[in-house]
Amino acid sequence: MFATGGEKADMNGKIIGICHADPQDENNTQDSILVEGLISGNSQTHNLSVKINKETVVVKKNGNQRENASSTDLKTGDNVAVMFTGPFVDSYPPQTTAKEIIITPS
């Protein structure tokens with residue numbers, strides 16, 4: 001599945017959990033979402049913890065239009081297409097960082 005203008009999504013799925021950063025906790029400085037869905041090249045459903053940092057682009061897709069959004073626009077139950085950046089952390093669930101998150105229509 002193509003997320004936008006020909007760029008292939010690394011994962012397509014649904015947000016099943018959200019963890020917001022705590023400005024008072026120096027060990028919890030990034031928002032993250034738990035996504036259940038299909039990772040590109042894999043036919044099984046997986047859960048993946050996706051970190052959102054300052055470089056992560058969040059947009060909302062509305063037809064052929066893309067609107068700027070932010071991590072605060074992400075809601076449990078939203079369908080998303082995610083492009084990854086950086087390594088995967090071998091944990092349960094696996095963790096990685098998002099380059100771009102596109103909120104897609106249901």
Within region 42-63, does at least one residue satisfy the condition of being in a loop (DSSP other than H, G, I, E, B), of a type outside the set (D, E, K, R), modelled with pLDDT of 95 or more and surrounded by fewer than 19 Cβ atoms within 10 Å (Cβ to Cβ)?
no
Residues of region 13-41 being part of a strand (DSSP E or B) and either more than 16 Å from K75 (Cα to Cα) or of a type in the set (A, V, I, L, M) (or both), in sequence order, are I15, I16, I18, I33, L34, V35, L38, I39
Region 64-106, residues that are part of a loop (DSSP other than H, G, I, E, B) and of a type in the set (A, V, I, L, M)
L74
Selection from region 64-84 of residues that are in contact (Cβ under 8 Å) with a residue 24 or more places away in the chain, surrounded by 10 or more Cβ atoms within 10 Å (Cβ to Cβ) and not basic (K, R):
A69, S71, D73, L74, T76, D78, N79, V80, A81, V82, M83, F84
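Answer with yes or no whether G37 is surrounded by 18 or more Cβ atoms within 10 Å (Cβ to Cβ) and within 16 Å of M83 (Cβ to Cβ). Explain how you work it out, then say what you get.
Details: surrounded by 18 or more Cβ atoms within 10 Å (Cβ to Cβ): yes; within 16 Å of M83 (Cβ to Cβ): yes.
So G37 passes the test.
The values are calculated or read from the model by the stated rules, or taken from the named source; none is laboratory data. Given the structure is predicted, the values throughout are model-derived calculations rather than measurements. Virtual Cβ from ideal backbone geometry, glycine too; neighbours counted across all protein chains shown.
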